[in-house]
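Since the structure comes first, as structure tokens, the remarks are kept for the end.
The values are calculated or read from the model by the stated rules, or taken from the named source; none is laboratory data. Quick caveat: nothing in here was measured; it's all calculated off a predicted structure. Every residue, glycine among them, receives a Cβ derived from its backbone with ideal geometry; neighbour counts consider all protein chains shown. In case anyone asks, the SASA skips ligands and DNA or RNA and just uses the protein heavy atoms, side chains included. Shrake-Rupley method; radii C 1.70, N 1.55, O 1.52, S 1.80 Å.
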Amino acid sequence: MPFAGKYFKLKRNDHFQEGDDVDLEDNASDTTKASLTAEIFDKTELLSLRDDADASASSFIYRLLERAKMSSNFWIWLRWGVVVGLQTILILLLCLKQSGNAGSRNDLQGLAAGGQFVETGGDINGLYKTLSHTYTYLKPEEDKFIPNMTSNDNRMEIRRNWDMLMPLGSGSVLIPDYKDHPLLGNPITDDPVRSGPLFEASWTHALHCLYYSVDSYHQLILNGPSEDDNPMHAAHCFEYLRNSILCNLDMTLEGSMSTPDDKERGQPHVCRNREEAIAWIEARRMDDAQDIVGP
């Protein structure tokens, strides 16, 4: 494309008239035209290169910024992902723990008496069910059940009174179908006299432990420590009584009637009918032994 340009000169010199149009292409020499053309092309090329460089620099900076932004976003997402992941794992572990505890409780409750209601202090297998209760004044009777702490004169008499609190068979019962009751466990195997599918009522076991504690204390007061002491048996009885008390949690609210000053009347309690419990035990006894100490 030929280079052409017009220049309109206003009162510059004598060679040009005011308002005349001058055609540069016509008045310039070929060398001048070529020089001008080359100069324009050089400037155009330089401008193009500068524009390309500026564009390249801008693009490079933009890419760096984008990469920095992406990197920053990556670490932010990674950090929050780790936090959320750990919290999720913690929540799942807590849920599994609670579910396991609830499952254990539900399994035990489901196995107890085939899932039926069992009264507090009743047999968890449902073999014995309380029929009735009695409203009773519980009065202290030290003369019948606590020996003279200064001698052995009434030791055997006191023991006999404790024997009479036991049912025939001393609380031991035969349960031939014990394998049908998952929470019943295995029969007693360390009884030196009795054998077979033998089990014992918890309250007669506790009564034995209480008498053992009373008699052992009596002998310790009179005679001091001896080779006949049995610390393991004592520890077992103390723990058995503790567990029995905490399991039954007798919630009778006591006041002055529970003190020795009001011992003639005693503290009223609601109790399981003892006669009915004894009748159930004796109907399943192995023998007629009535012994608080046991064989």
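If I model a spin label at residue 137 and residue 274 as a point 7 Å from the Cα along the Cα→Cβ vector, what separation in nanometres do I get?
Rounded to a tenth, the inter-label distance reads 1.6 nm.
Find out how many positive minus negative residues lie around residue 148, taking Lys and Arg as positive, Asp and Glu as negative, among other residues whose Cβ is under 11 Å from that of residue 148.
-3
Across the range 267-281, in residue order, what do the Karplus-derived ³J(HN,Hα) couplings come to in whole Hz, using 6.51 cos²θ - 1.76 cosθ + 1.60 with θ = phi - 60° and x for Gly and Pro?
3J(HN,Hα) across the range 267-281, in whole Hz: 9, x, 9, 9, 10, 5, 5, 5, 4, 5, 5, 5, 4, 5, 5.
Take peptides 274-286, 126-138 and line them up by average Cβ neighbours within 10 Å, highest first, as a rough protection proxy.
Result, highest mean first: 274-286, 126-138.
Can you pull the accessible area of residue 236 for me, 1.4 Å probe, Å² to the nearest 10?
It works out to around 80 Å².
Could you tell me the accessible area of residue 173 in Å² (1.4 Å probe, neighbours in place), rounded to the nearest ten?
Rounded to the nearest 10, the figure is 10 Å².
Give me the net charge of residue 234's neighbourhood, meaning all other residues with Cβ under 14 Å from the Cβ of residue 234; Lys, Arg count +1, Asp, Glu -1.
Details: positive: 242; negative: 215, 228, 229, 239.
Summing Lys and Arg as +1 and Asp and Glu as -1 gives -3.
With θ taken as phi - 60° and the coefficients 6.51, -1.76 and 1.60, list the Karplus ³J(HN,Hα) couplings across the range 76-81 in order, rounded to whole Hz; mark glycine and proline as x.
4, 5, 5, 4, 5, x
At 1.4 Å probe size, what's the solvent-accessible area of residue 233? Round to the nearest 10 Å².
Here the residue's solvent-accessible area equals roughly 50 Å².
Using a cut-off of 13 Å between beta-carbons, work out the net charge of the residues near residue 272 (Lys and Arg +1, Asp and Glu -1, residue 272 not included).
Around residue 272, the charge tally is -3.
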